[in-house]
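Since the structure comes first, as structure tokens, the remarks are kept for the end.
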Amino acid sequence: MAAATKLVNPSAEIVTKSQSLLVNASAARGLQSVLKSNLGPRGTLKMLVGGAGQIKLTKDGAVLLKEMQIQHPTAMMIARTATAQDEMTGDGTTSVVLLTGELLKTAEHYASEGMHPRVLADGFDAARDHVLEILEASKIPVDVDDKEILYSVARTALRTKLEGRTADLMTEAVVEAVLTVQRESIDLHMVEIMTMEHKLGTDSTLVRGLVLDHASRHPLMPKRLTKCRVLTCNVSLEYERSEVASGFYYSTADKREKLIESERKFTDDKVRQIIEFKRTACKEGESFVLINQKGIDPLSLDMLAKEGIFAARRAKRRNMERIALACGGVAVNCLDDLEPSQLGYAGLVYEVSLGEDNYTFIDEVANPRSCTILIKGPNKHTIEQIKDAVRDGLRAVSAVIEDECVVPGGGAFEIAAAQSLELNCKPQTSGKKKFGVQAFADAILAIPKALAENSGFDVQDTIVKLQEAHYSTKKLLGLDLQTGEPEDMVAAGIYDTYRVKKQFLHLSTVLAVQLLLVDEVIKAGKKMGGAQNAGAGPVDMGDE
């Protein structure tokens with residue numbers, strides 16, 4: 001094959017059959033060794049340093065794979081597969097890398113003894129199908145109205161990324177945020193994540209409403225209002241130039257003053273409409289809040305401030321959509337036909353200033369369909385860690401509500417799957433495919449092995465204890481990361497999401513089989529997808 005390729009393109013660089021598996025396996029092991037130490041609550045952190053000196057501390061596999069500069073083609077394929085796992089399910093990137101690397105590592109051992117890659121690939125496929133059957137039998141149906149289950153899932157997801165105390169404090173915020181936006185389906189885009197470099201990470205909280213990263217622009221406007229009627233609009237309350245090039249000519253100063261007065265009157269009339277509407281729509285003791293997507297000039301702000309109206313201008317479009325969902329009401333584009341039914345309601349609206357940054361809190365809304373998780377921290381590193389963890393937690397809780405089932409965590413499922421492969425699947429498999437099944441059984445233990453190693457326990461002793469405990473009790477027992485002993489994960493409230501387990505088993509096996517069946521790596525110099533090489537030209541066979 002190599003000779004044929006050289007005949008077509010003498011300048012091609014080729015990795016031959018005997019070396020291609022070694023190259024792919026070594027790249028997978030290299031990426032595996034980078035991410036293995038991050039797995040689990042006791043995992044370590046990685047420090048990423050950018051070209052301009054930017055520093056980021058993280059143990060999130062998805063963040064690492066996106067931020068790292070990976071040049072090896074095999075490692076790039078594994079990283080893209082793991083990133084796809086995160087985009088589809090919200091977690092499991094490190095598990096994909098670990099299982100793929102371990103499958104290629106075990107396959108390399110059997111291939112070095114003369115086993116054909118196709119036989120191993122068939123064994124991998126048979127083992128994956130059996131493990132998926134074990135997954136279906138191991139999943140635990142849950143009542144999604146039981147908050148304790150959701151708290152357990154969120155706590156398990158957050159503790160793998162955050163320090164225990166911070167994770168426990170953010171657990172309630174994550175679960176309540178998902179339940180707030182839950183309707184027929186769950187749209188996590190309706191959960192706004194706002195960051196504030198202030199106080200400590202443990203001061204982060206859930207706001208059942210919105211936090212806007214801008215505030216009023218007039219010193220006389222009230223800073224704190226209760227029982228607020230909220231009007232959201234997209235109306236210009238400032239002087240605007242005409243859309244076409246035009247000029248105004250006047251012969252006397254009086255005419256110029258009349259022109260300026262007419263221009264001002266056009267804007268003032270719209271402000272007076274809002275003021276009159278406020279007087280008719282608000283009952284005694286109620287306040288009025290105006291959130292405008294367009295501008296409000298200083299004179300208009302002064303008129304609104306004298307009436308006691310809180311007005312914020314140039315609100316972001318995403319905030320305008322969320323205000324209507326959180327407070328109710330309808331965003332208006334014209335002030336001619338204002339009705340009280342177009343107003344939203346918030347029990348409390350107040351403004352907070354931190355240095356040069358101003359924030360508006362819209363809180364105590366009646367029936368919110370959108371909410372905000374406010375993340376605080378003393379520095380950007382802490383804020384980014386909490387932000388990444390909260391996103392994973394939100395998707396984990398959402399996945400459990402949609403799947404209506406969970407899987408015991410702590411390596412319990414992997415231990416059960418490995419034993420079932422050896423005791424049930426392997427005896428039923430004929431021929432050399434048994435070796436592929438055995439390789440898969442050895443590889444899937446990479447997850448509990450990494451948990452034990454990261455917790456400081458002896459890997460072999462820990463795995464033997466778990467296997468013996470599972471064999472004797474027939475229960476799904478995982479690893480207690482504090483004591484190193486087997487523990488009932490259901491009683492401990494440690495759960496993984498079903499879709500993450502199912503997806504990472506599929507992706508890892510498919511990718512490992514494809515890399516296993518690569519018999520040559522060819523770098524022929526042609527730019528794949530390049531316009532200049534879109535068509536294959538004739539091969540020069542020499543002089544005619």
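Note: relative contact order over the chain, using C-alpha pairs below 8 Å and six or more positions apart, is 26 percent.
Spatial offset of region 353-387 relative to region 38-70 amounts to 24 Å, using the alpha carbon center of each.
Suppose only helical runs count, i.e. DSSP H with n ≥ 4. What mean residue ellipticity at 222 nm does that imply for the chain under -39500 (n - 2.57) per run, divided by all residues and rounded to the nearest 500 deg cm²/dmol? It would help to have the intermediate numbers written out before the result.
On the way: 18 runs with 265 residues, N = 544.
That calculation yields -16000 deg cm²/dmol at 222 nm.
Could you tell me what fraction of 2.2 N^0.38 Å the Cα radius of gyration of region 22-70 comes to, as a two-decimal ratio? Walk me through the intermediate numbers first.
Values: Rg = 12.0 Å, N = 49, 2.2 N^0.38 = 9.7 Å.
Relative to the 2.2 N^0.38 Å estimate, region 22-70 comes out at 1.24.
Compute the relative contact order of region 273-406 as a whole-number percentage, counting only Cα pairs closer than 8 Å that sit 6 or more residues apart in sequence. Taking the mean separation of contacting Cα pairs over the length of region 273-406, I get 16 percent. In a reduced charge model with +1 at each Lys and Arg Cβ and -1 at each Asp and Glu Cβ, region 200-311 shows a dipole moment near 320 debye about its Cα centre. Ranked by the mean number of other Cβ atoms within 10 Å of their residues, highest first, the peptides 325-333, 129-137, 491-499 come out as 491-499, 325-333, 129-137. Here the dipole of the chain is about 760 debye; that uses its Cα centre as origin and unit charges on the Cβ of Lys and Arg (positive) and Asp and Glu (negative). Axis angle, to the nearest 10 degrees, between helix 380-403 and the longest C-alpha principal axis of the chain: 80 degrees. The alpha-carbon of K432 sits under 14 angstrom from the alpha-carbons of these aspartates and glutamates, leaving out residues fewer than 8 places away in its chain: E113, D122, D125.
Suppose every K and R has +1 on its Cβ and every D and E has -1 on its Cβ; what is the size of the dipole of region 195-261 about the Cα centre, in Debye to the nearest 20? Spell out each step's value before the answer.
On the way: 11 positive and 9 negative charges, 84 e Å.
The dipole of region 195-261 has a size of about 400 debye.
Here K59 is the anchor, and the lysines within straight C-alpha reach of less than 22 Å, apart from those fewer than 8 places off in the same chain, are K36, K46, K161, K376, K380, K387, K449, K501.
Order the following by accessible area, largest value first: S455, S341. Probe radius 1.4 Å; ligands, DNA and RNA are ignored.
Working: S455 15, S341 90 Å².
So the residues, ranked largest to smallest area, are S341, S455.
Counting only protein heavy atoms and using a 1.4 Å probe, the accessible area of E108 comes to about 40 Å². Its relative contact order, with pairs defined as Cα atoms under 8 Å and 6+ residues apart, puts region 189-311 at 43 percent. Take the Cα of K523, step 7 Å toward its Cβ, do the same at I55, and the gap between the two points is 3.5 nm. Helix 147-159 and the longest principal axis of the Cα set of the chain meet at an angle near 70°.
Could you tell me what percent of the DSSP beta bridges with both partners in the chain are antiparallel, to the nearest 5? Walk me through the numbers on the way to the answer.
On the way: 36 of 54 bridges.
The antiparallel proportion sits near 65 percent.
When the Cα positions of T372, S185, L169 are compared along the charge dipole of the chain, T372 comes out farthest toward the positive end, with charges on each C-beta of Lys, Arg, Asp and Glu.
So, by mean Cβ neighbours within 10 angstrom, what's the order for 511-520, 253-262 with the highest one leading? Provide the component values of the computation, followed by the final result.
Numbers: 511-520: 18.8, 253-262: 10.9.
Result, highest mean first: 511-520, 253-262.
Think of the chain as having a plus end and a minus end, set by charges on the Cβ of Lys, Arg, Asp and Glu; of L98, I274, A28, I274 sits farthest toward the positive end of this dipole. Between the residues G355, I415, V207, the greatest Cα displacement towards the positive end of the dipole of the chain, with unit charges on the Cβ of Lys, Arg, Asp and Glu, is found for G355.
What FRET efficiency do you get for H72 and N379 if R0 is 41 Å and r is their Cβ-Cβ distance, rounded to the nearest 0.05?
On the way: r = 34 Å, r/R0 = 0.82.
Step by step, r from the Cβ atoms, then E = 0.75.
Ranked by the mean number of other Cβ atoms within 10 Å per residue, highest first, peptides 433-439, 36-42 order as 433-439, 36-42. Relative to the longest principal axis of the Cα atoms of the chain, helix 498-516 runs at roughly 50 degrees.
Here the spin labels are modelled as points 7 Å beyond Cα on the Cα-Cβ line, and at E163 and Q460 they lie 3.7 nm apart.
The values are calculated or read from the model by the stated rules, or taken from the named source; none is laboratory data. Because the structure is predicted, anything quoted here is derived from the model rather than measured. All Cβ positions, glycine included, derive from the backbone under ideal geometry; neighbour counts span all protein chains shown. Calculation scope for accessible area: heavy atoms of the full protein, side chains included, ligands and nucleic acids excluded. Shrake-Rupley method; radii C 1.70, N 1.55, O 1.52, S 1.80 Å.
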